[in-house]
Amino acid sequence: MIEKAHTASDMIAGMTPVLLDDVFVFATVSEPVDLALFNGAQATYREAEGMSLILPVATAQAHGILIDSEMRCITLNVYSSLEGVGLTAAVAQALADHGIACNMVAAYHHDHAFVPASEAGRALGILQALQTSAST
């Protein structure tokens, strides 16, 4: 079994952020007709207004979905506890302090920060610095 970090300082020190290559878009559909849209999604979430999707830009374009803001994903490669407190808050605050929007997605194994594509390199550097400062 993988040891999971519980404290904020342990999670931040171990987060090892990695910038994924793909570019994503957040989208919403009211009635998905094509299952390929779901198969191509990085994540889905049902809301009262419709199904929210995180899609690779190419998938969105192929389905005629409006591309509003292009996003990149930074995966925090720490096995954080689902009951851990403070990791997403620290990440979001560090990016906010530098004027970078951040949409956090918490999955079972890792947390993921979606940031504007144009700010991805800078955001990665900020998170790496945050990790380094928590490790010392």
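Here is how the numbers come out for the structure above:
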quantity: FRET E, pair A62, A92, Förster distance 30 Å, beta-carbon r, rounded to 0.05; calculated: 0.45
quantity: FRET efficiency for E70 and F38, using Cβ-Cβ distance with R0 set to 22 Å, rounded to 0.05; calculated: 0.60
quantity: Solvent-accessible ranking of E49, E70, E119, largest area first, probe 1.4 Å; calculated: E49, E70, E119
quantity: Net charge contributed by nearby residues that have their C-beta within less than 10 Å of V115 (K/R +1, D/E -1); calculated: +1
quantity: Value of Rg to Rh for region 60-111 (Rh from inverse mean 1/r over Cα pairs, i.e. Kirkwood); calculated: 1.07
quantity: Cα long-axis angle, helix 87-96 against the chain (0 to 90 degrees, to the nearest 10); calculated: 80
quantity: Dipole moment magnitude, nearest 20 debye, region 62-131 about Cα centre, only Lys, Arg, Asp, Glu C-beta charged; calculated: 120
quantity: Heavy-atom accessible area order for Y45, Y79, Y108, largest first, 1.4 Å probe; calculated: Y45, Y108, Y79
quantity: Charge context of V91, other residues only, Cβ under 13 angstrom, K/R +1, D/E -1; calculated: -2
quantity: In sequence order, calculated HN-Hα J values of region 128-134 (Karplus, 6.51, -1.76, 1.60; Hz; x Gly/Pro); calculated: 5, 5, 4, 4, 4, 5, 7
quantity: Neighbour net charge for S52 - beta-carbon separation under 13 angstrom, K R +1, D E -1; calculated: -2
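The values are calculated or read from the model by the stated rules, or taken from the named source; none is laboratory data. The model shown is predicted, which means the values in this text are computed figures rather than measured ones. Using ideal geometry, Cβ is built from the backbone for each residue, glycine included, and neighbour counts are taken over all protein chains shown. In case anyone asks, the SASA skips ligands and DNA or RNA and just uses the protein heavy atoms, side chains included. Shrake-Rupley method; radii C 1.70, N 1.55, O 1.52, S 1.80 Å.
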